[in-house]
Amino acid sequence: MPGPLTDPRGTAAGDTPTRRGTEAALLGFAVLITVVAQAIVDLTVTGSIRPEMAGFSAWIAALWVVAHLVVRKWASYADPLLLPAVALLVGLGLTVIHRLDLAAEQVGSSVTREDAPVQLVWATLGVALFVGLLVTVRDHRALSRFAYTLALLGIVLLALPAVLPASMSEVNGAKIWIRVAGFSIQPGEFAKLCLIVFFAAYLEDKRDVLALASRKVAGLELPRGRDLGPVLLAWVLSILVLVFERDLGSSLLLFGIFVVMLYIATERASWLFIGLGLFAGGALVAYQVFGHVRARVDTWLDPFAYVDGAGYQLVQSLFGLGTGGLFGAGLGGGRPDQVPVAKSDFIASAVGEELGLFGLVAVIVVYLVLVERGLRTSLVVRDPFGKLLAAGLAFAIAWQVFVVLGGVTGLLPLTGLTTPFLAYGGSSLVANFVLVALLVRISDAARRPAAPHAAPVRLGDAPTEVVMP
Amino acid sequence: MSELVLQIFRFGFLLLLWLFIFAAFRVVRADLFGGRTGRVAAVPPRAAAPKKRGQRGPRTLVVTAGPLSGTKITLGDQPILIGRADDSTLVLTDDFASSRHARLTNRGGQWYVEDLGSTNGTYLDQQRVQGPLLVDPGQPIRIGQTALELRS
C-alpha cells in the first residue's frame with residue numbers, strides 16, 4: 001500500500017483546511033438539483049407542481065443540514081465530497097422513484113402505492129443511523145476490537161434467511177429476506193458491512209503470514225497451502241449463499257470484496273489469480289448444477305431468445321437505454337415503467353432512458369468520485385486497519401455499481417444486487433448510509449492534522465553538531 | 001407544457017448535473033495540487049532546486065521489513081517522524097520502538113537520520129545512530145523489527 005503521506009499538505013499541521021464550507025456548498029447544490037429534478041418531473045408528467053413539493057423539499061434539505069452539522073461537530077476534518085455525492089445520488093433516486101410512481105398512477109395500474117415517500121422515510125432512518133454512528137464511534141480503530149463479534153453477527157445475518165421458512169424469507173425466488181409483520185429487510189446488506197470490518201481486522205493481523213511465506217512458481221509468488229484457508233473459507237461461504245439463498249449477487253459481492261482486500265493487504269497479485277481461478281471454477285460448477293444460474297447466463301447471452309419469459313426485463317431495459325440515446329427523453333418524458341421492477345433492480349435503465357447516456361455517465365462519475373474519495377482516504381490514513389477498511393468499503397461500492405450496471409446493460413449476467421443509494425429498497429439504503437458514515441469517520445482521521453506537538457526543530461538549529469560528510 | 005420548455009428542462013438538467021460534477025472535480029483537483037484552483041499551478045521556485053548535477057535526491061522512503069513492509073512514503077521537504085506515537089508520519093506498532101523514535105530530515109536534497117533518544121536505538125547499516133547521519137539510498141535503517149530504506 002502506498003504510504004501514509006501522499007497528501008503533501010498532510011504534515012503542515014495547523015493550516016489543513018477542514019473544507020466544511022465546500023461540503024455545505026456542494027450539499028446545497030445537490031439539494032437544488034434534487035428539487036429541480038422533482039419539479040421537472042411534476043411539470044412534465046402532470047403539468048403542475050404537486051402540493052407536497054414544499055414539504056418534500058424542506059424534508060430533504062433538513063436531512064442534509066442535520067448530516068452536515070453533525071459532520072461539522074463530530075468529524076470536522078472529514079472528506080468534503082463523500083456526503084454531497086451521496087446526497088445527489090439519493091436525491092436522483094427519489095426523483096426517479098417518484099417519476100415511476102406517477103407513471104403507475106397514469107396507467108392506472110392495480111397497485112397505486114407510492115414508493116417515493118417510503119424511500120424518503122428510509123433515507124431519514126439512514127441519516128439517523130449515520131448520525132448515531134458518527135456520534136458513538138469516535139475512532140474507527142475501536143471497531144477492530146469487535147472484529148470477531150461482527151464476523152459472527154455477519155454470518156448469522158447472512159445465514160438467517162436460509163434457515164427461515166420460505167414464506168418468511170423468499171421473494172421472487174431469492175431467499176434473502178426477513179419478513180416480519182409487513183416489514184421486510186435484506187439482512188445481507190448489513191452482513192456485508194460486518195464482514196468488511198472483520199476482513200479488515202483479520203487481514204491486518206495476518207497480512208505478514210499471507211504475504212511473506214510463499215514459494216515462487218512460474219514467476220508467481222504462491223502462498224503455502226495452509227495459508228489458503230481463509231480464502232477457501234470465503235469461497236465456501238459464497239457458494240453456500242448461492243446454494244441456499246439462490247442469491248448470485250451477494251455471493252459474488254462477498255467473494256470479490258474478500259479477494260480484493262486480501263490483495264490490498266498483501267500486495268501479492270497471486271491472490272487475484274487464485275481468486276479468479278476459484279471464481280471460474282465455482283462459476284463453472286454453478287452453471288452446471290444450478291438451474292437458476294444457468295437461466296441467468298442463458299438470458300444474458302441471448303436475451304432476445306427469451307423475450308417472452310426470463311429475458312423480457314433485460315430486453316425492455318435495453319430498449320429503454322436505446323430510446324434514451326445520448327441526451328435522454330427528458331425527466332418524465334420516457335416510458336421507464338415499461339421495465340419490470342424499474343424502481344429497484346433496474347433503476348439505472350430508467351435513469352438511462354430519461355437522462356440519456358450523458359445523464360447515466362454523470363451518475364457513474366458521481367459514484368466514481370465517491371469511490372475515489374474512499375480509496376484516497378485509504379491511502380492517506382495512517383493505520384493499517386483504517387487503510388484496509390476504507391479500501392474495502394470503497395471497493396464494495398465500486399463492485400456493486402459495476403455488477404449492477406453490467407447486468408442492466410447486458411454486459412454481465414443479472415445478479416440482483418442493488419444500485420447503492422439510487423435504488424428503491426430500505427435495507428440497501430440504510431446499510432449504505434452506515435457504510436458512508438464509516439468512510440466519513442475514517443476520512444476524518446486521515447485528514448485531521450497530527451496532534452499539535454512541539455514543532456520539529458530544524459536540523460541546523462538543533463543543539464547537536466551537524467556532521468557534514 | 002410547450003415543446004420548447006421541455007427541451008430546456010431536458011438539456012438544462014443535464015447541464016446542472018455536469019456542473020455538480022465539475023464542482024466536485026475542482027475539489028478533487030484542489031486536494032491533489034493544493035492551493036486554490038482556477039489558476040495555473042505555480043512553477044516551483046527556482047531557488048529551491050540547486051540539485052542540478054543530474055543526481056536527484058531520494059524520492060521515497062520504503063519499509064522493507066517488519067509489519068508495515070511495503071509501505072511507501074513520498075518524500076517532500078517535511079521531516080519524517082517515526083515512532084509509536086499516533087502523530088508520527090510512520091506509526092510503528094513494535095514493542096522495540098519508542099513513541100518518538102527517530103527522525104529523517106531533508107537538508108539540501110540529502111536526508112539525515114537522527115535518533116530522538118529512543119530506548120532501543122536506531123541503526124544505519126550496522127552502526128548505531130548517535131548524531132545526525134547522512135543516509136544514502138539503499139542503506140537500511142533499522143528500528144526494532146522494521147527496516148527502511150530510501151529509494152530514488
Residue in segment A:155-176 that is under 23 Å from residue A:425 (Cβ atoms), in contact with a Gly (Cβ under 8 Å, 6 or more places away or on another chain) and in a loop (DSSP other than H, G, I, E, B) present: yes
Residue selected from segment A:80-122 under the condition crowded, with 18+ Cβ neighbours inside 10 Å and outside any helix (DSSP H, G or I), by the criterion modelled with the lowest pLDDT: A:115
Residue in segment A:64-78 that is modelled with pLDDT of 95 or more, in contact with a Ser or Thr (Cβ under 9 Å, 6 or more places away or on another chain) and not charged (D, E, K, R) present: no
Among the candidates A:314, A:318, A:360, residue that is surrounded by fewer than 24 Cβ atoms within 10 Å (Cβ to Cβ), more than 19 Å from the chain's Cα centre (by Cα) and either of a type in the set (Lys, Arg) or modelled with pLDDT of 90 or more (or both): A:318
Single residue of segment B:55-86 satisfying the filter (of a type in the set (Ser, Thr, Tyr) and under 9 Å from the mean Cα position of the chain (by Cα)) that is modelled with the highest pLDDT: B:60
Inter-residue pairs, beta-carbon under 7 Å, first without any contact (Cβ under 8 Å) to a residue 12 or more places away in the chain and in segment B:9-22, second aromatic (Phe, Trp, Tyr), 6+ apart: B:10/A:327; B:11/A:327; B:14/A:327; B:14/A:358; B:20/A:29
Exclusive hit being surrounded by 14 or more Cβ atoms within 10 Å (Cβ to Cβ) and either at pLDDT below 90 or touching a Leu at 6+ places or on another chain (Cβ under 7 Å) (or both), set A:200, A:181, A:166: A:200
Total residues in segment A:372-415, condition crowded, with 20+ Cβ neighbours inside 10 Å and touching a strand residue (DSSP E or B) at 6+ places or on another chain (Cβ under 7 Å): 2
Some residue of segment A:155-162 being in contact (Cβ under 8 Å) with a residue 60 or more places away in the chain, under 28 Å from residue A:444 (Cβ atoms), of a type in the set (A, V, I, L, M, F, W, C) and crowded, with 21+ Cβ neighbours inside 10 Å: no
For residue A:39: the one exception among (1) within 12 Å of chain B (Cβ to nearest Cβ); (2) more than 19 Å from residue B:19 (Cβ to Cβ): (2)
Residue, surrounded by the fewest Cβ atoms within 10 Å (Cβ to Cβ), within segment B:13-27, restricted to residues that are of a type outside the set (Lys, Arg) and more than 7 Å from chain A (Cβ to nearest Cβ): B:22
Residue in segment B:105-112 that is at positive phi, more than 8 Å from chain A (Cβ to nearest Cβ) and among the small types (Gly, Ala, Ser) present: yes
In segment B:67-104, residue nearest to residue A:449 (Cα to Cα) [restricted to those that are of a type in the set (Gly, Ala, Ser) and at the interface with chain A (Cβ under 10 Å from one of its Cβ atoms)]: B:88
Filter result for residue A:400 (of a type in the set (S, T, N, Q) and touching a residue at least 24 places away in the same chain (Cβ under 8 Å)): yes
Flag for residue B:134 being part of a strand (DSSP E or B), over 26 Å from residue A:446 (Cα atoms) and in contact with a Pro (Cβ under 9 Å, 6 or more places away or on another chain): yes
When residues of segment A:321-378 are limited to those that are among the aromatic types (Phe, Trp, Tyr) and closer than 14 Å to residue B:18 by Cα, the one farthest from the other protein chains (Cβ to nearest Cβ): A:367
Test: residue in segment A:353-360 that is touching a residue at least 40 places away in the same chain (Cβ under 8 Å) and outside any helix (DSSP H, G or I): no
Looking only at segment B:125-149, and only at residues there that are within 14 Å of chain A (Cβ to nearest Cβ) and crowded, with 20+ Cβ neighbours inside 10 Å, the one that is nearest to the chain's Cα centre (by Cα): B:148
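The values are calculated or read from the model by the stated rules, or taken from the named source; none is laboratory data. Source: prediction; values computed, not measured. Cβ coordinates were reconstructed from backbone atoms using ideal geometry, including for glycine residues, and neighbour counts include every protein chain displayed.
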